[in-house]
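Please treat every number below as a calculation from the coordinates, not as lab data. The structure presented is a predicted model; accordingly, all values stated were derived computationally and were not measured. Quick reminder, even Gly has a Cβ in these numbers, built from the backbone with ideal geometry, and neighbours come from all protein chains shown.
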Ligand code: FES
Ligand code: FES
């Protein structure tokens, strides 16, 4: 555990780089923090509508089965029940749930996912019937009365089994169990490996994990008297969901309003494509009343992600230069759902070779469907697959050559004067200084001192480990042909009293980008932040936007707010210039005043200018035109959708990155890993609010450490989930981690207006990779090589056993 | 509905009396019948702490108690933490130190911190982490929560 003075020292380095003056760059606190602290912030489940009824969902107890028949008559007659619905009836009410990202767009296979299974179930927990009742308890009680006759089939749970010749094909109409295979090839890997001084061949397995925000999902639908639909949900992407509900239900998009209240953590889980979204709409139509469905934690834990195996070869020379990577990734996406989860596998392959200059790479990912649960996005969106495995490779190279891992990284990382740098998979990394970040991390951790301490402890038979990893986080994606959009919109309005409202197309899942937007606009318009309100998450009031994912909220939403606010600022300046008899360019807007630069007594309140523009517009010739409103879109640079000669596109404008270092002590008797220190050097370009950036990074890091250390969604051999509660799915608690020591490095992106690069995802892949490398390092004297995550006590003991039976070779 | 019963209790200093289904959990009655939705539900198994309230001076996870068991008791929820409309020192410290992101875990964090500080005016970092170990937060990584509690202790000293 760190002493708090050390914590403050880490922070002190951060503070010296904070810019002075204005709101942007300041450590502003949440603009609406009191709402949350007093219990007045309304989340999904706090919304209560008149005549509201409640839905419960009957889920398949089998991982793979045909539904022969369903009898819901007893449930229908049960106390308080208003209606039942089964898979046999569902097609009368809705079409299939549109994919958030359809594999067919990339040439892969697809399927029709209905809110209730029509004839076959592909995972334990797949919805097969639903009940609506007066209370949630009545609805749940009635589920027990529904009789389903299943023809149970053999489940296929492991990707390798699903790939075997002659394996049963689980999706009707497919010719195998592969959703898609995506290759990323540059150069001739076989030849380069043959020429390399050394080749290491190994595997790495990342087990299935889950996002688990503390607020579960929930949806509610109500059909208004005019035939329009209002949908409330704990969701991340209101406008895209509106489109998809319209497509599924056959209702005009303009007759649907989607509202996202405050969200108790999104983390990717609340991107849509889940069965229950269209389901509540259908049920609400049937009963003619509002229908609410709230997820139980057992249901949240049905949704997984990440599970993938890498079988790789890495070629390198005596000097530590990595010359070739060959990697075959197999990702087990379970049942192919309509939520965007499966696409994470794409990213795990696309990201190679991260921030390293490896001339030859041959990486491909096979996305395999099995009878495990669906995937949805999990913070980091698959980038952790790249980060973990490439960082394992670098450490393997270092260990093989007896070189220091930091030296191997220095040797292979992209140099700061090489940006923008085009990677083998076609990405164009905008900017950075990886070597400086590594220097800062060495200093922060006192790396040499740590190595001495490690050597001393090893003599005492204690296993201290140092993990060092680099993490590249491409952000703010735009994927052509999907509703993953790289641009976003903002409307800024000033009323005659000089108050400002921001309506944004991005949503905040709890991270505080709303406060960031207020900071940005306050500076541009010259008002204090208390005069600003922010509205997000309502398709009827907010301009069209894509919501929250991919670290995009400030890159796209923030920069569009800058443009809109500048339009308002210009009008205020024009009005003030007229009233103060000065030139437009002499007017500065600050502290709610428009004043003539250099003449502090020539000033007028911004509110007075606004009022004049609205009330004396005919009276004062030349005064700017009302209203004081502007809606703007910001499209970042650097995205390229025209394929290059190799057919590659460039979907990301910016690339944030971080250097991570953790110190652990491992007990080889119990397999327990004790994290002693966490050090991070992070660069997300310009920071709108360092307080929030630090919070995002610490949160992502601890989530990544949990993902890498203790979290695992397990199944029994029948495909029944075993990790059904927080008692079995073990997320980190306060006592499991020390404080995060964080240092900022700022290299603004040349491709975004404010130079921001996106924050919020970086740290997850870092946490996973750095814990793998730290445990590997700790147990190196025992000949252990870490080949799987999480490094939970059983897996650590297994690795120690395997090393022992290998004669300590690893 | 099963035969309902009447529940009399004091909530945030106010005497309340509500008709309830005796099968209901305390958290459900607080949220729905007493209309205090600041107490949250994260798991219903006692693992996350989002449902924490104070009952007769002791903090409890209200998903682990039947509402009927609260007959005659004094309950404080997150809505009752502010003093005369002013945020408490603890709440203010959580605001100033960014002690929450989505805010969903706040009931557990605030009540555990309050309970700790009532017993230990200047806790160490270890003691703070221990005190909030029964509550899950998926957003913050706990750092700023620890700092908020340390800051509240410093301000009260
Ligand atoms: S809801 Fe009570 S502990 Fe999670
Ligand atoms: S702030 Fe989101 S769970 Fe704690």
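If one computes the Cα centroid of the range B:1-61 and of the range A:687-738, what distance in Å separates the two points?
Going from one Cα centre to the other spans 29 Å.
Quick one: the Cα spread of the range A:731-772 along its three principal axes, in angstroms, biggest first?
For the range A:731-772, the Cα extents along the three principal axes come out at 40, 17, 16 Å.
In whole Å, how far is the Cα centre of the range A:623-654 from that of the range A:67-121?
Centre-to-centre distance over Cα atoms comes out at 38 Å.
Starting from the Cα coordinates of the range B:89-156, work out the convex hull volume and express it per residue in Å³.
Once divided by residue count, the hull of the range B:89-156 is 68 Å³.
Find the eigenvalues of the gyration tensor of the Cα atoms of chain B, then list the square roots of 5 times those eigenvalues as equivalent ellipsoid semi-axes, largest first, in whole angstrom. Could the numbers behind the result be given before it?
Values: eigenvalues 164, 51, 32 Å².
After diagonalising the Cα gyration tensor, the semi-axes are 29, 16, 13 Å.
Work the Kirkwood hydrodynamic radius out for the range A:342-408: mean of 1/r over every pair of different alpha-carbon atoms, inverted, in Å. Working shown, then result.
Details: mean 1/r = 0.0738 Å⁻¹.
Its Kirkwood hydrodynamic radius stands at 13.6 Å.
Using only Cα atoms, what is the ratio of the radius of gyration of the range A:260-411 to 2.2 N^0.38 Å? Let's see the in-between values first.
On the way: Rg = 20.6 Å, N = 152, 2.2 N^0.38 = 14.8 Å.
Dividing the Cα radius of gyration by 2.2 N^0.38 Å gives 1.39.
Starting from the Kirkwood Rh over alpha-carbon pairs, what translational D in µm² s⁻¹ does the range A:708-810 have by Stokes-Einstein at 4 °C and 1.567 mPa s?
Details: Rh = 16.7 Å.
This corresponds to a translational diffusion coefficient of 77 µm²/s.
Which log10 I(q)/I(0) values, to two decimals, does the range A:653-698 give at q = 0.24 Å⁻¹ under the Debye formula with one point per Cα?
Treating every Cα as an identical point scatterer, log10 I(q)/I(0) equals -0.89.
Output the Kirkwood hydrodynamic radius of the range A:347-471, Cα pairs only, in Å rounded to one decimal. It would help to have the intermediate numbers written out before the result.
Numbers: mean 1/r = 0.0596 Å⁻¹.
So the Kirkwood estimate lands at 16.8 Å.
Test of understanding: ordering A:601, A:430 by Cβ neighbours within 10 Å, fewest first, what list do you get?
A:601, A:430
Using the Cα gyration tensor of the range B:9-85, with a ≥ b ≥ c the square roots of its eigenvalues, what is the shape: rounded (a/c below 1.5), prolate (a/b larger than b/c) or oblate (neither)? Intermediate results must be reported in sequence, preceding the final value.
Numbers: a/c = 1.55, a/b = 1.12, b/c = 1.39.
Judged from the Cα gyration tensor, the range B:9-85 comes out oblate (a/c at least 1.5, b/c at or above a/b).
How big is the gap, in Å, between the Cα center of the range B:94-157 and the Cα center of the range A:542-557?
Measuring centre to centre over Cα atoms gives 31 Å.
For the residues A:73, A:504, what sequence is obtained by ranking on other C-beta atoms within 10 Å, fewest first?
The most exposed by this proxy come first: A:73, A:504.
Using just the Cα positions, wrap chain A in a convex hull and report its mean projected area in square nanometres, one decimal place.
Over every viewing direction, the Cα hull of chain A projects on average to 36.7 nm².
Most exposed first by the Cβ proxy, i.e. fewest other Cβ within 10 Å, how do B:109, A:206, A:731, A:768 rank?
Ranked by crowding around the Cβ, least crowded first: A:731, A:206, B:109, A:768.
Take the range A:138-267, drop everything but the C-alpha atoms, weight them equally and run the Debye formula without solvent; then report log10 I(q)/I(0) at 0.09 Å⁻¹ to two decimals.
Result of the Debye calculation: -0.62.
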